[in-house]
Each structure stands twice: as C-alpha cells, then as structure tokens.
1. Taking the criterion of being in a loop (DSSP other than H, G, I, E, B) and surrounded by 15 or more Cβ atoms within 10 Å (Cβ to Cβ), would at least one residue in the range 98-112 satisfy it?
2. Restrict the check to the range 69-79 and report whether at least one residue is of a type in the set (A, V, I, L, M), part of a loop (DSSP other than H, G, I, E, B), in contact (Cβ under 8 Å) with a residue 24 or more places away in the chain and farther than 30 Å from Ile123 by Cα.
3. Being modelled with pLDDT of 90 or more and part of a loop (DSSP other than H, G, I, E, B) is the filter; apply it to the range 183-211 and report the residue that is surrounded by the fewest Cβ atoms within 10 Å (Cβ to Cβ).
4. Between residues in the range 1-20 that are within 13 Å of Leu207 (Cα to Cα) and modelled with pLDDT of 80 or more and residues that are among the aromatic types (Phe, Trp, Tyr) and surrounded by fewer than 10 Cβ atoms within 10 Å (Cβ to Cβ), which pairs lie under 6 Å by C-beta distance while being six or more apart or on different chains?
5. Can you work out which of the residues in the range 6-56 that are closer than 21 Å to Thr190 by Cβ and surrounded by fewer than 14 Cβ atoms within 10 Å (Cβ to Cβ) is farthest from the chain's Cα centre (by Cα)?
6. Please count how many residues of the range 80-97 are touching a Phe, Trp or Tyr at 6+ places or on another chain (Cβ under 9 Å) and assigned to a helix (DSSP H, G or I).
Amino acid sequence: MEFLIDSFLSAILLLWSRNPEVYFIIYVSLKVSLSSTLIASIFGVPAGFFIAFKEFRGKRGVITTLNSLLALPTVVIGLLVYVFISRRGLLGILDLLYTQTAMIIGQVILILPIVASLTIAAISQIDYRYRKTAMTLGATQFQTALVVFREARFGIMAAIITSFGRVISEIGISMMLGGNAKGYTRTMTTAMALEYDKGEFVLGVALGIVLLLISFTINIFFNYLQGRSRA
C-alpha cells in the first residue's frame, strides 16, 4: 500500500512539474485521437444517417455487418494496416509506417463502425411520426432529414464521444503502427505499457491519472447529453 501511495504522490509531482516529455505524450495522444474521431465522424455520421433514413435492399445485412465490426480486435486492424503500409505493402511507397498518420488510419478503421452503428441507433429511435408530420406539412425529403437529424443530435453526439473514448484508451493499433517512438508516436497507453515493462511506475501512474481524468470528463459530458436528450 505504501508503494502505491508513494507512486501516486510522485506521479502528482511529475504532472505538477510540467515535465515536457509527459505533456508531449499527452499532446500526441489527444492529437491522434481527436484527428481519428473527426475523420471517422465525417464519414460515419452521414453513412449511418443514410442507412437508417433510407430503405434499400440489403439494409439489414449492412447493419449486421457494422454491428459485427464493433468487436473487431485492435491487433487485427493493426496487422491489416501494417500489411498495406509496410515497405513491401501496396502503400509502402508512402512511408507511413511508424508515423502518427498510420496510427490515425488504424484508429479510423476501428471507430468508423462504432460511429455509424450508434448513429443508426440514434436515428432509429426517432418516432416515425416526425417524418410523416414534416412531409404532410410540405417539407422536402432534405428538410425532413434535417428534422430527424435535429431530433437525434444528442444521440449522434454521444456516438462521437463514445468513439473518442474508445481510441484514447486503445493500445494495440498505436503500438503496432506507431512503434512507440519517443518524442513522435508515443501515446499515453503505449508509454504506460513501456513503463510497466521497465518496472518504473511513476510516469505510468501519472499518465494513468490523466487518462482517467479524460475518461471521467467524457462520461460527465455524455451523461449531460443524455439529460438534455430527455428534457
């Protein structure tokens, strides 16, 4: 117990000292995670909205596929992307391996199904009478879509927040595609794993505290959105 308390206090002091290495690791984590979340949202939200709003052949199969991809292991994604961007891969000429860009690509693939699936769920929960009422009042299909989107906006925002929470805490993709290079691709999770392997826990505990604070902030904001959606 004394060891845990000492590590915790040392971690607090390390964060308070504004150690450049620690804060650069936090910066890389936030940069990569926010970038991948933004890109996945740009493609995932419209795709999920279209799938939920439109009726077409094979719709149930598409939704089932997206739901299945939610359980796709991060190491599988890392391996697939590695095959394509390694020097012998199809995209090897771009020299993307062990870069932040490679990490972003892998994380986008990871959370794109999450954004799309949760967007579909948010749109599907909107009462169909909203569409009928809007169309009865003379709204175009585009205007009707905007009405539905407005009603589902809190659910869609929750989908984006959930996706960010997923990538900020993942390690497999970051390790395989980023390489955990100091001062370039080292994130909070990969740094924590490294410190554990070295048997040095102060930096790991410090980053763990930051990661928990981010997670708590996300959950508080998520609960706030849920409260707004019920109001």
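1. Looking through the range 98-112, at least one residue is in a loop (DSSP other than H, G, I, E, B) and surrounded by 15 or more Cβ atoms within 10 Å (Cβ to Cβ).
2. No; the residues of the range 69-79 include none that is of a type in the set (A, V, I, L, M), part of a loop (DSSP other than H, G, I, E, B), in contact (Cβ under 8 Å) with a residue 24 or more places away in the chain and farther than 30 Å from Ile123 by Cα.
3. Selected residue: Tyr184.
4. The qualifying pairs do not exist here.
5. Pro20
6. Total satisfying the criteria: 1.
The values are calculated or read from the model by the stated rules, or taken from the named source; none is laboratory data. Only a predicted model underlies this, so the values are computations on that prediction, with no experimental measurement involved. Glycine gets a Cβ as well: all are built from the backbone with ideal geometry, and neighbour counts include every protein chain shown.
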